[in-house]
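Below is one structure; the comments refer to it alone.
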Amino acid sequence: MSAHNVYDNAPLGSLIRYSDGTPRPPARFSKKLAAWERRNGIGRLVKKEPHRERATYTSPASITLHEGNFSSDGVILVTVMRTHSVESDLDFEIVERPAVGMVRVLQHLHDNVELLHLAESREAAELWLARNRHSNARLEDVTADEVGADIVEGRAA
């Protein structure tokens, strides 16, 4: 599946795997392994940026995946996000869609929306939002319409 299909069909909160199709090198080749890990991974879809055209530049549509956090003593020190253009040559796969009944905590940024947290229930989402204050945040339930059909290369299966 292409990044463009993920952009068009995957709801925010979906777990997305991406790969360049090459086998993982042995751990003893640390530089090759690091390069491979930059082109092969998994993350939660947190943002979809539309195509933008400005006077000085043009950027294609893109998707942003949250790959994880590095923390110490319960404090998040580094958040790893990776943005991929819809023109990416990598292969993408929707591993998991958010389940019906889950609740997204979303934040509006300019003319776009970013997923801050995916909670199991409305109560859990409200608790998370109370502990993690964000301006312009809102809660959105995951509905059956979003997760009803499995999409393969843009076709309903």
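Coordinate-derived values only; no laboratory data. These figures come from a predicted structure and were not determined experimentally. All Cβ positions, glycine included, derive from the backbone under ideal geometry; neighbour counts span all protein chains shown.
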Measuring from its Cα centre, the stretch 101-141 shows a charge dipole (+1 at each Lys and Arg Cβ, -1 at each Asp and Glu Cβ) which, in debye to the nearest 20, is 160
Of Pro23, Pro11, Pro50, which is the most mobile in a GNM of the chain whose springs link Cα atoms less than 10 angstrom apart?
-> Pro23
Which value in deg cm²/dmol, rounded to the nearest 500, describes the helix-derived mean residue ellipticity at 222 nm for the chain, given -39,500 (n - 2.57) per DSSP H run of n ≥ 4 and division by the residue count?
-> -5000 deg cm²/dmol
Please build a GNM for the chain, connecting alpha carbons under 10 Å apart, and tell me which residue among His66, His110, His134 fluctuates the most.
-> His110
Bounding extents of the chain in its principal axis frame from Cα atoms, largest first in Å, are 45, 43, 41
Per residue of the stretch 11-28, in order, report the coupling 6.51 cos²θ - 1.76 cosθ + 1.60 (Karplus, θ = phi - 60°) as ³J(HN,Hα) in whole Hz, putting x for Gly and Pro.
-> x, 4, x, 5, 8, 10, 9, 10, 7, 9, x, 8, x, 5, x, x, 4, 5
In order through the stretch 84-96: 3J(HN,Hα) via Karplus (6.51 cos²θ - 1.76 cosθ + 1.60), integer Hz, x for Gly, Pro = 10, 5, 5, 8, 4, 8, 6, 9, 10, 9, 7, 7, 7
Would you kindly state the longest site-free stretch of the chain, with sites defined as trypsin sites (Lys or Arg not before Pro) in a DSSP loop (not H, G, I, E, B) surrounded by at most 10 other Cβ atoms within 10 Å?
-> 55-132
